[in-house]
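**Student:** Right, I'll just put the structure down here and ask away after.
The values are calculated or read from the model by the stated rules, or taken from the named source; none is laboratory data. Note that this is a predicted model, so its numbers are computed, not measured. No Cβ is skipped: glycine too gets one built from the backbone with ideal geometry, and neighbour counts run over all protein chains shown.
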Amino acid sequence: MLRALGEFEIGGVPSLVGFHRALLSHPSFVAGETCHGLVESEELAEQAQRFSHQATNLAPAPDGSLPSQATRSLETMAEVDGRRVTVRVLVPEPGYRELARSRRERAASGAGGAGTDAVVSPMQGTVLDVKVAAGDAVETGHVICIVEAMKMENEVAAHRAGTVAHVSVAVGSAVTIGQKICVIESAEPAQPADNL
C-alpha cells in the first residue's frame, strides 16, 4: 500500500495521500497495535505534512538526459515571493498513450486486421475456452475463443468469414497481446471452370 501511495501524483489540490502514507508507516500501525488517538495526534499531522510536500523527481540517465519515458513540456505561471514567473515543467506521458501507440503500429502493420489470415489476442490473459477447431467454417463475428484478463471474460471474434486452418492455443494457454490465436483462410468462392 505504501508503494502504491508513493506513486500517486496529484497536483493543484490538497489530498489525503500524505496522511495515509504517514498512518501506514507509523510504528504502531506496522506492528498491528491499537492506534487509539493516533489519527488526531500532532505527530501524525506533522508526518502527513512532510509526506504531502515531497517532490517527485525524475532521475537523469547516466548521460545526464531525462529518462526514456516520453514527456511533454508544460508552461505555467507561478507566484514566488510575490513575483510572477513562468515555469516550464516536464510532464511524463501517461502509460496509456504508449499502449495506444503500439496498437496503432500493430494495426498499420496489418497484424490481425481485415485482409490478413491471423486472428490475434487483443490482450494478455488466459484462454478459458476455444470455440473452433481446424476445418470449421466461421462467419465474421463468430467467437473464436474466450480470454480471461483481469477477472473479465473477453470474446475474441473472427474478423472475416472463412475456414479455420490452424488453432494455436488451447484451454489454459497464456496469451500475450498480438499473439496468434488461429488462422482463417478466406472463404472466396472457387472460380467455375470454363465449359468448352
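**Student:** Counting residues that are under 29 Å from the mean Cα position of the chain (by Cα) and not assigned by TED's automatic domain parsing to the domain that holds PRO92, which helices (runs of 4 or more DSSP H) fully inside the range 1-46 reach at least 1?
**Tutor:** Numbers: elements: 2-6, 17-25, 27-30.
The helices (runs of 4 or more DSSP H) meeting that bar are 2-6, 17-25.
**Student:** Among the numbered criteria (1) modelled with pLDDT under 80; (2) surrounded by fewer than 12 Cβ atoms within 10 Å (Cβ to Cβ), which single criterion is violated by GLU75?
**Tutor:** (1)
**Student:** If a residue must be at pLDDT 75 or above and not in a strand (DSSP E or B), how many such residues does the range 80-95 contain?
**Tutor:** The number of residues fulfilling the criteria is 2.
**Student:** Among the residues of the range 38-63, what is the count of those that are exposed (fewer than 10 other Cβ atoms within 10 Å of the Cβ) and at pLDDT 80 or above? I'd like the intermediate steps shown before the answer.
**Tutor:** Here is the first cut: in the range 38-63, the residues exposed (fewer than 10 other Cβ atoms within 10 Å of the Cβ) are 40, 42, 53, 55, 57, 59, 62-63.
Imposing the further condition that a residue be at pLDDT 80 or above reduces the set to 40, 42.
The qualifying residues number 2.
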